[in-house]
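Input: a single structure, listed below in structure tokens.
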Amino acid sequence: MRSQYAVCLLNEYYSLIYSLIYSRMTEKNSVPSRCPWCLGFADYIAYHDTEWGVPQHDDAMLFEMLILETAQAGLSWSTVLKKRENYRKAFANFNAAKIARFDARKIAALMQDAGIVRNRLKIEGTVKNARAFLLVQKEFGSFDAYIWRFVGGKTLQHKRSGMKTVPASTVVSESMSKDLKRRGFTFVGPTIMYAFMQATGMVNDHLTSCFRHATLGERG
């Protein structure tokens, strides 16, 4: 009886071990394939999975992404992303009309804010861009109507097989950059504007191996 009991316990033990191993293997195999640039930390993955490449047509969000991308100049996107909430607090929740009224005293105060990138040219550029943004809205009815015309109002679908196939800029981003500068925007070079296009879904640059590529491809 004791030997049978011992065998039963041993079988239950091995069954439990097998279940745990199988569970871990299933968990591992169920992890979706993602673009490798986002695998640094959890917030980066969440941004990749829920925001990056999603077609954005809300003016407030387009302005937010424009400001964050221009703040990125010379830095990594992960650095700016970590400071995103601080930027919301410092820059009136990305309200362009309020930022356009920032004066020298406000700019001086922002230079003391450790939660943002304390670069005077970038801070002053944010105020300048807010004013230019409002003028574009007035002329076109919305910033969305203006910026999306560079891609014909529809996401450019790409089939990138690896990170080396993703360009730093394109003819479209160069044209966009040139026109924005003409309208008074700053820190809007072709590379920054291509990053903006990727972030706001004007292009689908998720790698074909990434689970988000097909999902966003369906949105056209």
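Some observations on this one:
- Taken over the stretch 175-202, the criterion of being farther than 15 Å from Glu64 by Cβ, among the small types (Gly, Ala, Ser) and in contact with a Leu (Cβ under 8 Å, 6 or more places away or on another chain) is satisfied by Gly184 alone.
- Subset tally (residues that are within 15 Å of Lys181 (Cβ to Cβ) and not aromatic (Phe, Trp, Tyr)) for the stretch 122-140: 7
- Taking (1) more than 21 Å from Gly184 (Cα to Cα); (2) in contact with a helix residue (DSSP H, G or I) (Cβ under 8 Å, 6 or more places away or on another chain); (3) at pLDDT 95 or above; (4) of a type in the set (S, T, N, Q) in turn, Ser78 satisfies each apart from (3).
- Subset of the stretch 103-123 (residues that are touching an Asp or Glu at 6+ places or on another chain (Cβ under 9 Å) and not in a helix (DSSP H, G or I)): Gly115
- Considering Thr186, Thr126, Thr215, Thr191, the condition of being among the hydroxyl-bearing types (Ser, Thr, Tyr) and assigned to a loop (DSSP other than H, G, I, E, B) is satisfied by Thr186 alone.
The values are calculated or read from the model by the stated rules, or taken from the named source; none is laboratory data. All figures in this text were calculated on a predicted structure; none of them were measured in a lab. Because the Cβ atoms are built from the backbone with ideal geometry, glycine has one as well, and the counts that use them run over all protein chains shown.
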